Amino acid sequence: MTDKEKDTAAAAAPASDAAPAAEPAAKEKKAIDPHAMLTVSTSPHIKSPDTTRSIMIDVLIALLPSCIWGVYAFGPRSVSLLLIAVICAVGFEALYQFIMKKRITVTDCSAAVTGLLVGMNLPSTAPLWIPIIGAFFAIVVVKQLYGGIGKNFMNPALAARAFLMLAWPNAMTASPQPFTTSSMFSVSVDSADIVASATPMQLLKTGTIPDNGIFNMLLGAKAGTIGEVSTLLLIAGGIYLLVRRVITWHIPVSYLATVALISYLFPQNAAERLEFVACEIICGGLMLGAVFMATDYATTPITANGRLLFGVGCGLITMFIRYFGGYNEGVTFAILIMNTLVWYIDNLTKPKRFGGVPNNGK
């Protein structure tokens, strides 16, 4: 027997009476890696039942009443423009993602919301090819080329409206009187068939108070685009979004309050100051822009203070353009300009880190 075998036999031999057997060693516990139970993911880390699809459906529901009123006020041609804008927006997004071999995400309804907003920003007499170009510009140029939903730096629908206004100003500013109808299927409407009417914003530019009456203008009995005329229904849609917590009050309230304050302090018609203030708020695209476009998640600040600052900036630029610019309406360009400043606003208003040390180390 070798020395190694002897040692093995001795270890296996039972203990003698003089040397009682040692108690069996406790089972060695397996070390637990504390990181093995963690799920590593990117922010945000707050779970919520809300999805992009549910949020966009809420926005569509909120927009629906003012769309219905626009169809009632301007006739069946409004239906053609709205449908073309929505269908083209969804189609362009799906086609672009298919060509670029990306996951097709049209079921999240974000493209449908963009298309509907493009259509709502058109007069009912616009040629039927206008919403096609507008939808393409909004979806492909402004949204998809920058990476898709959440990565665009300006509101796609407003960018499309600005492009259409600069490229085809006559088609975009020919506002018919309410309760006049145009052909639903004709590609374009003959200018001779348009019962033209000065929009309230054109009258306010000269200091003239529209004679429609405040209640009629609140309801939507005024010239304008399909979706902007019924201020009352836009407010109702905004309240719905607030109740559903899709938007917060910061941007709409600060935006509207700034417009009201400036128009009250510096009215273009001091004899009827309060009526002038009311008309500045309820006429034009201010309510549509403040509630549904300036609150776009991707193109607005993330902090409450930043949103307040964003709304004030939109109000200041809007009134500056209305008073001194060549356009009667300043909402589109005001929001787009503030969209480009969101990064700076976020950096200016970001909260201080708990326990953080300033960059200078002091």
With the dipole of segment 52-349 defined by +1 on each Lys or Arg Cβ and -1 on each Asp or Glu Cβ, the option from PHE333, LEU60, GLY220 whose Cα lies farthest towards the positive pole is LEU60
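Below 30 Å Cα-Cα, how many Lys pairs turn up in segment 52-349? Only count pairs eight or more apart in sequence, or on different chains, if you could.
The result is 6.
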With R₀ set to 25 angstrom, the calculated FRET efficiency between the beta-carbons of THR105 and ASP346, to the nearest 0.05, is 0.45
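When a/c is below 1.5 the answer is rounded, else prolate if a/b is larger than b/c, else oblate, so apply that to segment 233-362 with a ≥ b ≥ c taken from the square roots of the Cα gyration tensor eigenvalues. Kindly include the intermediate steps, with their values, before the conclusion.
Details: a/c = 2.33, a/b = 1.68, b/c = 1.39.
Judged from the Cα gyration tensor, segment 233-362 comes out prolate (a/c at least 1.5, a/b above b/c).
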Between ALA304 and LEU166, the two model label points (7 Å from Cα along the beta-carbon direction) sit apart by a distance in nm of 3.7
Taking PHE215, PHE310 and counting other beta carbon atoms within 10 angstrom, the fewest-first order is PHE215, PHE310
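Order these by the 10 Å Cβ neighbour count, fewest first: THR248, THR295.
Ordered by Cβ neighbours within 10 Å, fewest first: THR248, THR295.
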One finds the C-alpha centres of segment 252-284 and segment 79-100 to be spaced, in Å, by 37
Ranked on Cβ counts within 10 Å of their own Cβ, fewest leading, ASP58, ASP211 go ASP211, ASP58
Log entry: pair-distance distribution for segment 52-349, C-alpha pairs binned every 10 Å from zero, whole % per bin is 7, 29, 38, 21, 4, 0, 0
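Coordinate-derived values only; no laboratory data. Computed from a predicted model, the values in this text were never measured in an experiment. Every residue, glycine among them, receives a Cβ derived from its backbone with ideal geometry; neighbour counts consider all protein chains shown.
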